[in-house]
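These notes are about the structure you will find just below.
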Amino acid sequence: MPKLILIIPVAALVLSACGGGGVFGRSRPDEFAVARNAPLVIPPDYNLNPPAPGSPRPQDVSTQSQALGAIFGGPAPRSAAERNVLGAAEADRAAAGARSTVGDPQTEVVDKGTVTRDILAAPEGDGRDASVRPN
């Protein structure tokens with residue numbers, strides 16, 4: 001009997017939660033009352049020209065150009081001193097493949113004298129007239 005006295009109020013409490021309101025009586029938006037959006041409008045920019053058929057895409061860059069840009073960072077502005085040195089050396093007249101023909105036996109070289117040869121052949125480290133000390 002005492003169990004029955006406890007079961008009846010608990011059952012009434014549980015069943016009262018199933019009444020109105022709840023999950024099914026809530027207010028929610030109507031899925032059939034969808035508002036229409038305004039159509040898209042193209043802005044009046046008439047300066048753009050369509051691409052010519054078969055022309056390369058402007059955003060496509062060759063892998064060689066991408067690699068050179070990643071390694072060297074693209075063209076950098078030269079200082080006035082650098083421009084003067086390049087102008088005096090006539091760098092604009094240099095052959096494009098000069099570096100690949102340097103080791104060729106048929107390449108003519110200018111003798112720079114013994115001083116240059118001695119400087120290039122000097123051992124590293126402290127010399128007779130100069131010494132190196134760490135800071």
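Quick look at the values:
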quantity	calculated
Among the residues listed as Gln59, Gln106, Gln66, the single one being at pLDDT 75 or above and within 28 Å of the chain's Cα centre (by Cα)	Gln66
Count - residues of the range 112-135 that are in a loop (DSSP other than H, G, I, E, B) and either in contact with a Cys (Cβ under 9 Å, 6 or more places away or on another chain) or at pLDDT 75 or above (or both)	3
Pair list, Cβ < 7 Å and 6+ apart or interchain, from the range 53-71 residues that are surrounded by 10 or more Cβ atoms within 10 Å (Cβ to Cβ) and assigned to a helix (DSSP H, G or I) to residues that are polar (S, T, N, Q) and at pLDDT below 80	none
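The values are calculated or read from the model by the stated rules, or taken from the named source; none is laboratory data. It should be emphasised that the depicted structure is a prediction, and the values quoted were computed from it without experimental measurement. As a convention, Cβ positions derive from the backbone with ideal geometry for all residues, glycine included, and neighbour counts pool all protein chains shown.
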